[in-house]
Amino acid sequence: MLFNSTEFLFAFLPILLLVFFQLGKISQRLAAAWLALGSLFFYAWWNPVYVVLLLGSIAFNYTVGRALARGSDVGSARRKRLLVLGVTGDLALLGYFKYANFFVDTANTALGTHYGLANIVLPLGISFFTFTQIAFLVDAARGKAKEFNFVHYSLFVTYFPHLIAGPVLHHAEMMPQFGQASTYRFSSTFLTAGLTMFALGLFKKVVLADGVAPYAAPIFSAAAQGDPVGLLQAWGGALAYTLQLYFDFSGYSDMAIGLSYMIGVRLPLNFNSPYKATSIADFWRRWHMTLSRFLRDYLYISLGGNRKGPARRYVNLMTTMLLGGLWHGAGWTFVIWGGLHGLALVVHQAWQGLRQRLGHDLTRSTATGRAASVALTFLVVVLGWVFFRATSFDAALALIKGMFGINGVSLPDVIGLRLGSLGTWLAAQGVAMTPGGGRNFVMTFVWIGALLPVVFWAPNTQQIMQRYQPALDQPEALAPGRITWQANPRWAMLMAVLLGCGLLSLSRPSEFLYFQF
């Protein structure tokens, strides 16, 4: 079931909320159980068979987690064995469903063999509920997980706003909320603020992300087919996908936080204007923030972090980002994408270290310097997204060649004719005039020109909703924007318009891009 579907909006959500708050007047335990059952139904809508897999994962991790939490021997051999058992079990499950065919295909390519596996259907959200539970096991082994109410734990894992595409949750930030009496009492403030966030997210997804998507797909398809893509078309396709992914994931993140806030539960912030980042490290503090937190806390630091000198820190960064890339998908393009970001982080760390040795004050900057840093970071991110989106390394390389002008510059001939003498001059300079594609070419850059200013200069949802603090761990430096939401008729009308635009665009609901991970 999709957040942007009629069955979710007009059947599942109102019934779930109505029954939840009615049960909350009678019994918190019943209301929590209803919410967990509703979340399982939400998941089963895709494929009921995989509910058994999800329940088995919950039972396994809950059992291991409780065993890890017993006693006070935090560093004992018993706990280490249990932790290894639990994490190995989770990774084995994830590895089979997500990576078995990838590893077999890679081995076949390397060895010239022809082994094969049956077609394995990837369960939705398996990466998210697996990572969520690995974090729980590690926290239990460290003595940080304290509450073991099975109903609340099941809800923690299955909670429908996060189950399919994140955020990756921590046991300590969610379990206390499920135990609070206020969570089970209806609040008009929570409902209206949550609905506002949901409306903003729905508009981002179905109007903006789905609107620009048709101008990215043909360019990547042409590159995959081996067609030479010109400079302008290549950049148009890459930027269109960059914006599609931005508004798709931003929209999902807003919708998830908004849905949860209607219930009175705050999810951790997962998206904070990442294209405004001034460095690649800053980008990862803003993009998929809970995944970055997981990779930092449970992988990078476990590998030694920055405690063993610069060389080891760079190795740890590369290892973390390579595995982070592989987490996103079972393909070498994702590994390369992770490696590019790892290399960018290494260069950033080395540059910061050099500046410190030269005596530069890293806390000071100029407007020009910040603008240049944002532009350079954005350029690196766009180039990385090419590998993230491309179906193969060759397809990505073909598009990269176009972006660097190796395939030349071309314009649709209908545009060249409209340019008059300028078109003639451009043709004399070597700009090729190709038949067809004029409308798509123009609309691509109309969408890019309309959306880029929103990305870089408009306040984000967290700034608009800052007064209500709908998400956990909002950055302290996040100042309220000049546009702030208030519960008044003017805002109600604006949100009704945005929600109406979103609902009118639901004729063919599309999946969120992060569903595939």
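Name every residue in region 266-308 that is β-branched (V, I, T), over 12 Å from the mean Cα position of the chain (by Cα) and closer than 18 Å to H170 by Cα, in order of residue number.
I301
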State whether the residues of region 103-111 include one that is surrounded by fewer than 17 Cβ atoms within 10 Å (Cβ to Cβ) and aromatic (F, W, Y).
yes
Filter region 9-38 for residues that are farther than 24 Å from Q177 by Cα and either small (G, A, S) or touching a helix residue (DSSP H, G or I) at 6+ places or on another chain (Cβ under 8 Å) (or both); the one that is surrounded by the fewest Cβ atoms within 10 Å (Cβ to Cβ) is A11
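Yes or no, residue by residue, for (1) in contact with a Gly (Cβ under 8 Å, 6 or more places away or on another chain); (2) within 25 Å of V382 (Cβ to Cβ); (3) assigned by TED's automatic domain parsing to the domain that holds F388; (4) surrounded by fewer than 16 Cβ atoms within 10 Å (Cβ to Cβ):
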| position | (1), (2), (3), (4) |
| --- | --- |
| P274 | no, yes, yes, no |
| M289 | no, yes, no, no |
| L295 | yes, yes, no, no |
| G304 | no, no, no, yes |
| K308 | no, no, no, yes |
| R312 | yes, no, no, yes |
| N316 | yes, no, no, no |
| T320 | yes, yes, no, no |
Contact list, first residue from region 281-310 and under 21 Å from L163 (Cα atoms), second anywhere and surrounded by fewer than 18 Cβ atoms within 10 Å (Cβ to Cβ) and of a type in the set (K, R), beta-carbon distance below 7 Å, six or more apart or interchain, is S292/R285
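Being without any contact (Cβ under 8 Å) to a residue 24 or more places away in the chain and closer than 26 Å to S302 by Cβ is the filter here; which residues of region 107-138 pass it? Full working, then the answer.
At the first step, the residues of region 107-138 found to be without any contact (Cβ under 8 Å) to a residue 24 or more places away in the chain are 107-119.
Result: no residue meets the conditions.
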Quick check on A477: is it within 22 Å of W287 (Cβ to Cβ) and at pLDDT below 90?
yes
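Of everything in region 500-511, what is touching a residue at least 40 places away in the same chain (Cβ under 8 Å) and either over 13 Å from F3 (Cα atoms) or in a loop (DSSP other than H, G, I, E, B) (or both)? Give them in sequence order.
If we filter region 500-511 for residues that are touching a residue at least 40 places away in the same chain (Cβ under 8 Å), which is where we start, we get 501-503, 505-506, 509-511.
Correct list: C501, S505, L506, P509, S510, E511.
Residues of region 211-226 being assigned to a loop (DSSP other than H, G, I, E, B) and either under 19 Å from L513 (Cα atoms) or under 21 Å from the mean Cα position of the chain (by Cα) (or both), which ones?
Hit for region 211-226 is A216, nothing else.
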query = Looking at region 31-50, is at least one residue touching a His at 6+ places or on another chain (Cβ under 8 Å), closer than 14 Å to F156 by Cβ and either modelled with pLDDT of 95 or more or of a type outside the set (F, W, Y) (or both)?
reply = yes
In region 1-42, residues that are part of a helix (DSSP H, G or I) and of a type in the set (S, T, N, Q) total 4
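The values are calculated or read from the model by the stated rules, or taken from the named source; none is laboratory data. Because the structure is predicted, anything quoted here is derived from the model rather than measured. Please note: Cβ atoms are built from the backbone with ideal geometry, for glycine as well, and neighbour counts cover all protein chains shown.
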